[in-house]
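The next block holds one structure in the form of C-alpha cells; read it before the comments.
The values are calculated or read from the model by the stated rules, or taken from the named source; none is laboratory data. Since we're looking at a predicted model, the values are computed, not measured. When we count neighbours, we look across all protein chains shown, and the Cβ atoms used for this are built from the backbone with ideal geometry, even at glycine. To get the accessible areas, we keep the full protein, side chains included, count just its heavy atoms, and leave off ligands, DNA and RNA. Shrake-Rupley method; radii C 1.70, N 1.55, O 1.52, S 1.80 Å.
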Amino acid sequence: MTDTVRDVASSTPDGPPPERPKIQVVPLKGLPISAAAVILVTLAIAGNWQWALVFCHVAGGGLWTGIDLFVGLVLGPILGRLSIAARAEFSARFMPKMVIIMPTVS
C-alpha cells in the first residue's frame with residue numbers, strides 16, 4: 001500500500017503549473033464575415049429588397065435553430081461527460097466563436 005502512494009507522489013511534477021492559454025474574446029478573423037452579413041441586411045432594409053429580407057430572415061432563422069439544436073443535443077451531453085479541465089479548455093476555444101456567430105445570425 002505504501003509503494004502505491006509513493007509511486008503516485010513521485011509521478012506528480014514538482015514544477016510550476018502549466019501556463020493557461022491566452023483567450024481571445026472576439027476572434028478578429030470572423031469580423032469581416034460578420035460585417036458582410038450586417039451590411040447585406042442593412043442594404044436590404046435600405047433598398048427595400050423583399051427577396052433579400054426574406055433570404056436573410058430564413059437563412060438566419062435556419063442557422064440559429066441548427067446551431068441551437070447542435071449545441072443542445074450534441075455538444076451538451078458530450079460536455080457533461082468531460083472533466084472540468086476539459087470543459088474549461090473547450091469553452092475557451094468554442095465560446096469566442098459563438099460571440100461572432102450568434103449576434104450575426106440574429
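The HN-Hα couplings worked out from phi for the range 73-78 by the Karplus form 6.51 cos²θ - 1.76 cosθ + 1.60 (θ = phi - 60°) are 8, 9, 6, x, x, 5 Hz, whole numbers, x standing for Gly and Pro. Using R0 = 41 Å, the C-beta based FRET efficiency linking Trp64 and Arg20 works out to 0.85.
With angles folded into 0 to 90 degrees, how steeply does helix 31-47 sit against the dominant principal axis of the chain? Use alpha carbons for both and round to 10. Once rounded, the angle reads 20 degrees. Between Leu79 and Ala52, the simple label model (points 7 Å from Cα in the Cβ direction) yields a spacing of 3.5 nm. From the P(r) of the chain, could you give the percentage of C-alpha pairs in the tail past 18 Å? Across the chain, Cα pairs with separations above 18 Å total 67 percent.
Taken per residue, the accessible surface of the chain reaches 82 Å², heavy atoms only and a 1.4 Å probe. For the chain, the mean residue ellipticity at 222 nm estimated from helices alone is -23000 deg cm²/dmol, where every DSSP H run of n ≥ 4 contributes -39500 (n - 2.57) and the total is divided by all residues, rounded to the nearest 500.
If you take the beta carbon distance between Val71 and Leu31 as r and set R0 to 25 Å, what does 1/(1 + (r/R0)^6) give as a FRET efficiency, to the nearest 0.05? For Val71 and Leu31, the calculated efficiency is 0.70.
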